[in-house]
Structure formats: C-alpha cells, structure tokens
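Notes to accompany the following structure.
The values are calculated or read from the model by the stated rules, or taken from the named source; none is laboratory data. Treat the numbers as computed from the prediction; the structure is a model and nothing was measured. For neighbour counting, all protein chains shown are included, and Cβ atoms are generated from backbone atoms with ideal geometry for every residue, glycine included.
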Amino acid sequence: MKTTQAAVVGCGAIHTLHVEAIKSHPACQLWAIVEIDSVKGHALAERYGCHYYADYRKMLCDTQIDVVHICTPHFAHKEMIIAALTAGKHVFTEKPVALNPGEVNEIKQALASAATQLGVCYQNRLNPTSQKIKALLESNTYGKVLSIKAVLTWNRPHDYYAQSPWRGRFATEGGSLLINQAIHTLDLMQWFAGGVESIKGVVESSFLSDATQAEDTAMANMQLANGARGIFYATNCHTTNSPLFLEIHCENGLLQLHHNNLWLITGEQKELLASDELPDTGQKYYWGSSHQQAINNFYHAIKHMDDRNYVDIYQAEISLQMVEAIYQSSITRNWIKISPQ
C-alpha cells in the first residue's frame with residue numbers, strides 16, 4: 001500500500017502532536033512543514049527530516065502530498081481548508097474548523113465539490129472516559145439522562161494574549177474562551193446527549209478584560225436533544241488549569257468525571273469505571289492523549305471510504321453553533337434554537 005505523505009501547516013505548540021502522530025503511523029510519512037518564520041521552519045524541517053515551505057500555496061502544488069494538517073491560528077483555517085480541498089488534498093484541521101457558521105457554509109460548498117475528505121480534531125471524544133460515557137448512555141445502562149453538568153476552570157494569563165495578538169479577538173480567533181478552550185466541553189455535552197436543541201447563556205469579561213476584547217467567562221443552560229438539561233460554566237480566570245469536571249445525572253446513577261477518572265455513584269457506593277491516560281511527552285495534560293487516535297482514525301478513513309470514524313464538518317459545526325448561540329443569547333437574553341444537522 002502506498003505511503004501517505006503529509007504536510008503540517010503552522011508550527012506552533014500544537015503541531016508537535018500532529019508530527020508525532022504522523023511519524024508513528026506505519027503507513028505515513030511527514031513530507032513537509034509550512035511555517036512563515038523561516039528560521040524556525042528550516043530548523044524544524046532539518047530536525048524532522050522533511051521539506052520546508054514558507055508559503056502554504058506553494059506546498060499545495062507539491063504533487064507528493066496527500067494530506068494537509070492545519071495547525072494555524074483560527075482566522076487562517078477557512079482559506080487554507082478550501083485551498084487544500086481545491087488542490088485535491090485531504091485535510092485534517094485543528095478545531096475550530098472556522099471562525100463562525102457562515103465560514104462553515106463556505107467550506108461545505110468546497111467540500112461538496114471535492115473528491116477528498118475533511119476531518120476536525122475533537123480528540124477528547126476518544127478519551128477512555130468519554131468512550132465509556134458514550135457507550136453507557138447509548139445502552140441506557142442507568143436509565144434516562146436527566147442532566148449533564150460541565151465545569152471548566154482554566155488559567156490564561158495576560159502574557160498568553162500579548163504573545164499572540166490574534167487571540168481573544170473576534171476577527172482573528174472568533175471570540176476567546178468559548179471557541180478556544182471550552183469548545184471541546186461544549187462538543188462533549190452535545191455528543192453525549194445526541195445533540196442540543198436550544199441554549200440560553202451569558203458571557204462576561206472580568207480579570208482579562210484588558211487583555212481580550214472577548215469573554216473570559218461564560219455560563220449557559222441547555223435543552224439537550226435527549227430531553228436532559230445541560231448546565232455549563234467555563235472561565236479562563238482560575239489560577240491553575242483544573243481538569244474538566246463533568247457530571248451526568250441518570251435515573252439510576254450518577255456518572256462523575258473528576259480528575260480524569262470516571263466514577264459511578266449509586267447511593268453511598270462509588271465505583272471507578274475508567275481513567276484517562278495523561279500524556280508523558282511534555283505537552284499540556286489537559287489536551288488529553290487522544291490526538292494520535294484521532295489522526296489514526298482519519299488516515300484509516302482515507303484508505304477505507306466506507307469507515308469514516310472521525311469528526312466531519314457537520315459534527316464540528318454543532319459546537320460552533322453553540323458558541324454563536326451563547327453570544328446571541330447574552331445579548332438578547334432569550335433562548336436560542338440550534339438548527340439540527
């Protein structure tokens with residue numbers, strides 16, 4: 001079977017996870033990287049033993065490349081995804097797939113005319129605890145789901161925004177906390193519930209109001225597709241990065257994700273059901289360790305068209321709709337309906 005040749009566009013912090021996944025895949029090879037900082041780009045290309053491009057458009061003309069990984073700031077995603085699809089490349093992009101639902105529609109149009117595939121990295125769906133929760137809820141093991149509560153309290157200092165001015169801006173990041181740090185949590189909530197019908201929420205900027213033009217804190221209530229209530233709170237104003245706290249109240253038990261361990265609580269009994277493996281590669285532990293699996297799944301789908309076990313644009317769009325709905329609701333103080341996919 002032909003070796004799949006990959007290129008990684010953007011060499012910020014997250015790109016190393018993509019490079020490691022590509023290099024560890026037995027049927028893939030890192031062919032090129034793209035980085036606008038030429039000194040950094042040449043040094044990394046030498047380290048990885050691959051080609052270097054300063055301009056992604058020139059990289060797209062390279063007929064050796066089969067798959068393009070997008071690891072750039074958010075504002076570049078739409079343009080690069082559409083260009084790569086038009087050039088006949090498969091695309092695997094970091095979240096969010098675009099800045100807003102309007103940009104998603106433009107990508108959908110390009111994808112409809114393409115013969116290649118587009119996957120979006122929502123790797124937390126593949127965490128052992130997430131997989132266990134999904135299986136238990138789908139099998140109705142503990143009865144009807146009554147509510148899903150998620151609390152995400154992370155820390156992003158002022159320097160985080162000062163070092164990368166595109167962050168915390170609607171024009172370049174699409175917002176702040178919701179579209180960057182909390183979007184995985186929103187995605188998990190709707191995925192566990194089979195979708196979301198409506199949201200009422202509010203955003204606020206407090207400790208980071210002089211660092212970002214967007215929110216540093218958000219809360220929302222949701223009507224989920226399975227009839228359950230959704231309770232959501234997130235902030236970047238904590239003094240440390242705490243693991244996601246998630247609680248799913250079912251008729252016959254309580255599922256609780258706490259410090260990366262999934263517990264079943266029934267009455268006074270508490271049973272450990274699953275644990276997430278924390279990365280030992282020096283990466284941020286709250287990224288999880290499932291990038292490898294997400295990328296493997298996408299590469300499998302490229303070779304096996306009838307087995308698309310990855311997050312596509314239609315699934316990725318839901319969390320973006322949720323972000324947009326919270327913004328709208330914060331202004332109007334009304335419930336905002338989510339269009340079904």
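Observations, loosely collected:
- One residue stands out among those in segment 288-312 that are surrounded by fewer than 17 Cβ atoms within 10 Å (Cβ to Cβ) and part of a helix (DSSP H, G or I): the one that is modelled with the lowest pLDDT, which is Lys303.
- Test result for Gly10, at pLDDT 95 or above, surrounded by 14 or more Cβ atoms within 10 Å (Cβ to Cβ), over 22 Å from Ala87 (Cα atoms) and in the same structural domain as Ala76 (by TED's automatic domain parsing): no
- Pairs meeting the criteria (first residue in segment 233-245 and free of Cβ contacts under 8 Å to residues at least 60 places away in the same chain and assigned by TED's automatic domain parsing to the domain that holds Leu177, second residue buried (at least 18 other Cβ atoms within 10 Å of the Cβ) and not aliphatic (A, V, I, L, M), beta carbons under 9 Å, at least 6 apart or on different chains) are Pro243/Asn260; Pro243/Asp276.
- The set of residues in segment 324-341 being small (Gly, Ala, Ser) and under 14 Å from Glu204 (Cβ atoms) consists of Ser329, Ser330.
- Residues that are modelled with pLDDT of 95 or more, part of a strand (DSSP E or B) and out of contact with any helix residue (DSSP H, G or I) (no Cβ under 7 Å at 6 or more places or on another chain) occur in segment 329-339; there is at least one.
- Residues satisfying the stated conditions in segment 1-45, i.e. assigned to a helix (DSSP H, G or I) and more than 21 Å from the chain's Cα centre (by Cα): Lys23, Ser24, Ser38, Val39, Lys40, Gly41, His42, Ala43, Leu44, Ala45
- Taking the criterion of being surrounded by fewer than 19 Cβ atoms within 10 Å (Cβ to Cβ) and more than 18 Å from Glu94 (Cβ to Cβ), the residues of segment 58-75 that qualify are Lys58, Cys61, Asp62, Thr63, Gln64.
- Search result, residues across segment 79-113 that are in contact with a His (Cβ under 9 Å, 6 or more places away or on another chain) and under 16 Å from Asp66 (Cα atoms): Ala84, Val91, Phe92, Thr93
- Answer residue from segment 325-335, given it is crowded, with 20+ Cβ neighbours inside 10 Å and either in the same structural domain as Ala98 (by TED's automatic domain parsing) or of a type outside the set (Gly, Ala, Ser) (or both) and is farthest from Ala193 (Cα to Cα) among those: Tyr327
- Identity of the residue in segment 22-57, β-branched (Val, Ile, Thr) and closer than 28 Å to His300 by Cβ, that ends up surrounded by the fewest Cβ atoms within 10 Å (Cβ to Cβ): Ile22
- Check on Glu173, at pLDDT 95 or above, within 19 Å of the chain's Cα centre (by Cα) and among the acidic types (Asp, Glu): yes
- Pair list, Cβ < 6 Å and 6+ apart or interchain, from segment 60-81 residues that are outside the structural domain of Leu30 (by TED's automatic domain parsing) to residues that are part of a loop (DSSP other than H, G, I, E, B): none
- A single member of Leu257, Leu208 is in the same structural domain as Lys132 (by TED's automatic domain parsing), assigned to a loop (DSSP other than H, G, I, E, B), touching a residue at least 40 places away in the same chain (Cβ under 8 Å) and among the aliphatic types (A, V, I, L, M), and it is Leu208.
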